[in-house]
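These notes are about the structure you will find just below.
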Amino acid sequence: MTDTSIYAGRRARLAAQLGRDGIAIVPTAPERQRNRDSDFLFRHDSYFYYLTGFTEPNAWLLLAGDGRATLFSAPKDLEREIWDGYRLGPDAAPAALGIDEAFSVADLDSKLPKLLENKSTVWYPFATHKGLETRVDGWLQSVRARVRFGALCPEEQRDLCGPLDEMRLVKDAHEQDVMRRAAQISARAHIRAMQLSARMLREGKDVREYHLDAELLHEFRLGGSQYPAYSSIVAAGANACVLHYRADVAPVHAGDLVLIDAGCELDSYASDITRTFPAGGKFTGPQRALYDLVLASQDAAVAATKAGNRFNDPHEATVKVLAQGMLDVGLLDANKVGSVDDVIEKRAYFPFYMHRTSHWLGMDVHDSGSYVEPTQVGEVSERKDPLSNEIIKNRPSRILHPGMVLTIEPGIYVRPGEGVPEQFHNIGIRIEDDAIVTATGCELISRGVPVNGDEIEALMR
């Protein structure tokens with residue numbers, strides 16, 4: 001069982017930012033109906049779990065500026081527990097979760113206005129829970145009804161996402177450990193899928209994308225993961241050029257490349273790994289040429305990922321390598337697009353590489369946290385995008401610090417088109433690893449599955 005002091009420490013850090021007379025309201029996620037008599041698998045709200053470690057639905061946390069924590073949760077109900085499972089209940093919650101007091105969620109509307117009385121500021125996460133603003137308005141209205149009796153009503157509402165996002169951006173030792181274990185499980189899943197593809201094709205069997213997806217899911221659960229961190233992408237052949245393709249019924253042929261973007265969630269923390277491999281175990285010449293180019297661009301991005309550098313530095317390093325490589329292999333014609341500097345300035349690489357190289361990773365796959373350096377928000381410059389002609393406001397990107405976790409995921413996606421060399425048609429490649437920023441560089445926690453082309457072929461043999 002996780003040490004409750006982890007969550008108590010986070011609540012104390014947050015409470016110190018609320019102001020002495022501030023109070024924060026944090027709901028967990030709602031249960032959502034899937035069909036007539038069945039709900040979607042429940043997954044708690046990340047902010048709520050970050051502060052409580054509590055995974056039950058239908059719960060709320062109230063945190064006062066003096067650090068006092070109040071939980072509202074589902075009451076004990078033996079009949080419902082027969083159907084839906086064990087409930088902790090308000091009586092056991094303080095000792096089990098390390099909070100100060102707990103009540104039934106049925107008492108939320110009657111008790112919450114009293115907790116808001118005489119507070120100056122009410123904090124809650126803006127634009128994350130549909131209808132939350134309306135409920136807050138109703139509770140404040142109840143407080144205002146008591147002003148003639150001397151009650152003071154909060155005059156300010158503030159977005160709780162700001163301070164919580166900053167806290168979540170740097171992962172502590174506990175979080176890093178969970179993320180390492182999640183990445184290890186996911187790496188094993190990728191290896192299983194690679195090896196199954198080659199083995200089934202060698203045996204002359206019909207291979208479908210869903211066969212490989214099944215291997216991923218099996219290894220995720222076998223390793224103790226609760227669920228996939230996102231819908232797995234298993235894309236064979238031309239399907240790999242669809243960035244958010246989902247595993248389907250498409251056949252996997254021996255000459256195809258297969259792109260798998262998949263990661264498990266373990267104890268509320270995500271992993272996110274992409275590997276591209278030859279379905280039958282051997283790259284063709286054109287496939288290997290583009291694969292090695294993407295890998296070289298990832299190497300450059302990894303080298304740029306270290307404390308003191310900027311969040312955008314890995315992307316810029318990637319683009320520089322990819323732009324030169326596209327000229328070298330003939331994806332781009334220098335007579336038409338000019339030098340590598342011209343390619344970068346005009347974004348001529350964009351038809352083949354249209355996404356960013358990194359995003360934050362943590363409890364959410366695209367984790368919370370600003371990509372702009374907070375100390376330089378006011379430093380704004382403007383540029384015209386060469387493709388859209390849109391005026392874009394640039395602000396200095398985030399300075400990286402030890403404990404930040406981000407993905408590094410360059411790619412190349414070649415759809416058939418005028419002037420595009422035919423040998424590269426319908427090749428889609430992405431290589432993605434999870435990196436913890438350190439003082440001197442970064443720790444790649446997802447390299448339990450190889451990225452080197454020769455090592456992938458050897459693994460699949």
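Coordinate-derived values only; no laboratory data. Quantities reported herein were computed from a predicted structural model and do not represent experimental measurements. In this analysis, Cβ positions are derived from the backbone assuming ideal geometry, glycine residues included, and neighbour counts consider all displayed protein chains.
Structure summary
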{"quantity": "Label-point separation in nm, Thr438 to Asp248, each point 7 Å along Cα→Cβ", "calculated": "4.2"}
{"quantity": "Charge context of Thr276, other residues only, Cβ under 12 angstrom, K/R +1, D/E -1", "calculated": "-2"}
{"quantity": "Potential lengthening between Arg13 and Arg347 on full extension [0.36 nm per residue; Cα-Cα distance subtracted]", "calculated": "115.9 nm"}
{"quantity": "Residues Ile392 and Val170, FRET efficiency given R0 of 30 Å [Cβ-Cβ distance, rounded to 0.05]", "calculated": "0.60"}
{"quantity": "Reachable lysines from Lys111, criterion Cα separation under 26 angstrom, eight or more residues apart if same chain", "calculated": "Lys76, Lys119, Lys130"}
{"quantity": "Of the DSSP H helices in the chain, those whose Cα atoms cover at least 15 Å axially and whose Kyte score averages 1.0 or more", "calculated": "none"}
{"quantity": "Student exercise, region 5-165 dipole from Lys, Arg, Asp, Glu Cβ charges, in Debye to nearest 20", "calculated": "280"}
{"quantity": "Nearest-0.05 FRET efficiency for Arg310 and Lys384, computed from C-beta distance (R0 30 Å)", "calculated": "0.85"}
{"quantity": "Part-to-part distance (alpha-carbon centres) for region 1-43 and region 124-189, which is given in Å", "calculated": "7"}
{"quantity": "Estimated dipole of the chain in Debye, rounded to 20 [Cβ of Lys and Arg +1, of Asp and Glu -1, Cα centre]", "calculated": "300"}
{"quantity": "Whole-angstrom gap from region 240-269 to region 382-461, using each part's C-alpha centre", "calculated": "16"}
{"quantity": "Relative exposure of Val405, Val105, Val249, Val343, judged by other C-beta atoms within 10 Å (fewest first)", "calculated": "Val249, Val105, Val343, Val405"}
{"quantity": "Nonlocal amide H pairs with Tyr227, under 5 Å, H built at 1.01 Å", "calculated": "Glu265"}
{"quantity": "Cut-off 13 Å between beta-carbons: net charge of the residues surrounding Trp83, Lys and Arg +1, Asp and Glu -1", "calculated": "-4"}
{"quantity": "Likely footprinting exposure, Tyr413, Tyr86, fewest C-beta neighbours within 10 Å first", "calculated": "Tyr86, Tyr413"}
{"quantity": "Where only C-alpha atoms are counted, convex hull volume of the chain per residue in Å³", "calculated": "178"}
{"quantity": "Sequence-distant lysines (8 or more away, or on other chains) whose Cα lies within less than 20 Å of Lys393", "calculated": "Lys346, Lys384"}
{"quantity": "Per residue Cα convex hull volume in Å³ - calculated over region 1-153", "calculated": "126"}
{"quantity": "The chain: calculated mean residue ellipticity at 222 nm from DSSP helix runs of at least 4, using -39500 (n - 2.57)", "calculated": "-11000 deg cm²/dmol"}
{"quantity": "Exposure proxy order (Cβ contacts within 10 Å, fewest to most) of Cys264, Cys161, Cys241", "calculated": "Cys161, Cys241, Cys264"}
{"quantity": "Sequence-distant aspartates and glutamates (8 or more away, or on other chains) whose Cα lies within less than 12 Å of Lys306", "calculated": "Glu443"}
{"quantity": "Extended-chain gain in nm, criterion 0.36 nm per residue less alpha-carbon gap, Thr375 and Leu152", "calculated": "76.8 nm"}
{"quantity": "At R0 = 41 Å, FRET efficiency that the Cβ-Cβ distance of Val420 and Leu132 yields, to 0.05", "calculated": "0.25"}
{"quantity": "Per residue, the convex hull volume that the Cα atoms of region 132-247 enclose (Å³)", "calculated": "185"}
{"quantity": "Dipole-positive endmost among Ser381, Tyr227, Pro286 within region 170-460 (Cβ charges, Cα centre)", "calculated": "Pro286"}
{"quantity": "Per DSSP, loop GluC sites (Glu not before Pro) in region 114-197 with at most 15 further Cβ within 10 Å", "calculated": "Glu155"}
